[in-house]
Structure formats: structure tokens, C-alpha cells
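Remarks on the structure that follows.
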Amino acid sequence: PPWAEIYNYGIIYCKGSWILRMLQFVEGDTAWENPGVFYRALRAYGDSFKYGTTSTADFQRINEQFSGQDLDWFFNEWVYDRGYPKYTITWDKQPLGDSWLVNATLIQRNDTNSARLFHMPYPIRFNCGSESVLAVFHPQDTVAHDTFVLAAEPLNLTPDPDNWVLDNSLVTGIEETSSTEVRAPNRSPT
């Protein structure tokens, strides 16, 4: 990359470690106490190519074999392209009998040098007093709508509560007193 972008998270620098973390999330290997697909694939990758040469295509192939998923979309968007998604999340709620109906929208407005759309699953957590509910968006377009029925009243929401996705998020909703920009620690605001 040009010298001015050498520390840009969306191009290089820390992006490699984020890509591995996101791949772990995509493969569903999210419990440290019970490592699964992702770590088995890493072990197989290391065992297959130690003391030799390898390529990103080899790494993708092994992850596809272990996960049973076609990961072209992931590697094309995150490894071979640049940037990361910039999300705006809006939401509202209304009572529905003994439950609550929540309408949420995830909007991507990415930089011109980034992919137009990142298909990365995006987790959000509805905070409902003493409990919380985790939900996941699966964007297929730059605007993704979803409806959730919750047993308790949601008071607010937390985007990507476990920092699985390299992103920049802005949350607005009926319970927000003002728009609040949310970023993982040490992320560049670009």
C-alpha cells in the first residue's frame, strides 16, 4: 500500500489477525473452552506445510475441508480486497402481547476503495435488563432488515459485543439519547 496507508487496519497491519478471528466466527468455533473446526484446521494446515511453502489458497482449501463451507466470499472480500464495513444500525421496538417486537436495520456505507458489500455475519446483542439476547444479521445487500421477537423489553443494543468483526459501527434507536459511535479498541476511525 502507499506509505500514507501503511498502518491502515483495513488494508494491512492488524488486518491479518482480524481475518483469522473473523474466520473463526464464520466457522462457528467461538468457545475457547471447546475448540473446534477453526483450530483443527489450523493444526492440519501447520502439519501439512511445516518446513515447506504454502499459499493463501492452501489455507482456504484446508478451512473449507474442515468447515464444509465454501469460503470464496470470505477470502475475496477480506483477504484479496481491502477495507472493512462501516455500519449504521437503527432499531425500534413495540410491545407484542407478553413479548417485544424489534425491527432492526443494518446499513453498510463503505469507503469507495472498499468492497461495496461485506457479507460477513454481524452479531448484535439486545440488552434487556438482567438478560441479553444475541442475534446475527446475515447481510445480502447494503441494507439488511430483520425482525426479532424478544421475551423481555430491550433497553439498548450492543453491536458485535465480542469484537468478532473488523468494522466501524454507529447505533441509533429509540432508546439512544444520541447517536453513539462504537469502535473496538485501537481501531482507526477511517
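Figures for the structure shown
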| quantity | calculated |
| --- | --- |
| Exposure of residue 160 as accessible area (Å², to 10), given a probe of 1.4 Å and all protein chains | 10 |
| Qualifying lysines (Cα of each under 23 Å from Cα of residue 15; at least 8 residues distant if same chain) | 86 |
| Global geometry of the stretch 1-150, whether rounded, prolate or oblate, following the gyration tensor of its Cα atoms and the 1.5 cut on a/c | oblate |
| Gain in span if fully extended, residue 131 to residue 172, counting 0.36 nm per residue against the direct Cα distance | 12.7 nm |
| Carbon/sulfur fraction of accessible area - the stretch 88-135, other protein chains in place, 1.4 Å, % | 46 |
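The values are calculated or read from the model by the stated rules, or taken from the named source; none is laboratory data. Predicted model, so just to flag it, every value in this text is computed and none were measured. Just so you know, the surface numbers come from the protein's heavy atoms only, side chains and all, with ligands and any DNA or RNA stripped out. Shrake-Rupley method; radii C 1.70, N 1.55, O 1.52, S 1.80 Å.
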